[in-house]
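What follows is a short report on a single structure.
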Amino acid sequence: MRVQVAVNDGVPVRASLDSKGWLSAHLNFPIDGADDSTGSLSVQAIDRSDEPNFITSVWEIGDLSLGDKAEVRVLADGETDPPTKIERSIERSTNLFSNVDQARQLLSAISVCDKELWAVLEQSQRAEPEDEFKKISQAIGGIIMELDRNLIQPTLHRHPELLAEAQKKGLV
């Protein structure tokens, strides 16, 4: 998939994604109460073909203000412009565990925690009123999401060889 994006009939920028993932255009305006707010236009491609890792490419198109025209065209595959920036999840400084055995131990601990939280949730569904169960399920869901965001994903980005093991444990 390829898109062409331009501001005010300026030089168009072509961006594409040729693999599994997402290609999206972002029009962003901060809403701060000022009439002269400026915004920005960009295109982002997230290549997820090397799960659990991914590559994010960004094409910064430019700033926008009141009266500007932004144009996005969908094109057939072809030539593209180089992205403004590229980030590889495997290179993030927030990735965890230089030692694969420690990473494996973390995934096992999270698996135990996950099972215990699900057991609490199941018991609360039988013992608690519906409104209380809803609050409990939202709280437990939030914890599970944070475990994924702060521990599981940063570990798997550093050690993609543990993906199958994490899947077997039901963690991803």
Original post:
Looking at this structure, is S111 more than 21 Å from A45 (Cβ to Cβ) and in contact with a Lys or Arg (Cβ under 6 Å, 6 or more places away or on another chain)?
Top reply: yes
Original post:
(1) in a strand (DSSP E or B); (2) on the phi < 0 side of the Ramachandran plot; (3) not hydroxyl-bearing (S, T, Y): which one isn't true of N95, the others all being true?
Top reply: (1)
Original post:
Hey, any hits in the stretch 13-33 for a residue that's of a type in the set (F, W, Y) and more than 26 Å from N53 (Cα to Cα)?
Top reply: yes
**OP:** Could you identify the single residue in D101, D68, D81 that is over 16 Å from the mean Cα position of the chain (by Cα) and at pLDDT below 95?
**Re:** D68
Original post:
Among the residues of the stretch 6-26, which ones are of a type outside the set (S, T, Y) and either more than 27 Å from R92 (Cβ to Cβ) or in a loop (DSSP other than H, G, I, E, B) (or both)?
Top reply: A6, V7, N8, D9, G10, V11, P12, R14, L17, D18, K20
**OP:** Give me the pairs, please: first residue somewhere in the stretch 109-132 and within 22 Å of A166 (Cα to Cα) and β-branched (V, I, T), second residue anywhere and open to solvent by 50 Å² or more (accessible area, probe 1.4 Å) and in a helix (DSSP H, G or I), beta-carbon distance under 8 Å, and either six or more positions apart or on two chains.
**Re:** I110/L151
Original post:
In the stretch 121-131, what residues are loosely packed, with under 14 Cβ neighbours inside 10 Å and closer than 19 Å to L171 by Cβ?
Top reply: E122
**OP:** Just name the residue that is nearest to P160 (Cα to Cα) out of those in the stretch 27-45 that are assigned to a strand (DSSP E or B) and open to solvent by 40 Å² or more (accessible area, probe 1.4 Å).
**Re:** Q44
Subject >> the stretch 158-167, subset within 10 Å of L107 (Cβ to Cβ) and either charged (D, E, K, R) or in contact with a Phe, Trp or Tyr (Cβ under 8 Å, 6 or more places away or on another chain) (or both), residue least open to solvent (accessible area, probe 1.4 Å) >> reply: H159
**OP:** Would you mind finding the one in D77, D68, D148, D114 that is open to solvent by less than 80 Å² (accessible area, probe 1.4 Å), of a type in the set (D, E) and not in a helix (DSSP H, G or I)?
**Re:** D68
**OP:** With the condition kept exactly as written, say whether any residue in the stretch 89-105 is β-branched (V, I, T), open to solvent by 80 Å² or more (accessible area, probe 1.4 Å) and more than 18 Å from L156 (Cα to Cα).
**Re:** no
**OP:** Please identify the pairs in which a residue from the stretch 15-26 that is open to solvent by 50 Å² or more (accessible area, probe 1.4 Å) has its Cβ atom under 7 Å from the Cβ atom of a residue that is of a type in the set (K, R), counting only partners at least 6 apart or on another chain.
**Re:** K20/R48
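The values are calculated or read from the model by the stated rules, or taken from the named source; none is laboratory data. On a predicted model such as this, the values are computed, not experimentally measured, just so you know. Here the Cβ is made from the backbone with ideal geometry for all residues, glycine too, and neighbour counts use every protein chain on show. When the accessible area is computed, the model is the full protein with side chains, heavy atoms only, and any ligands, DNA or RNA have been set aside. Shrake-Rupley method; radii C 1.70, N 1.55, O 1.52, S 1.80 Å.
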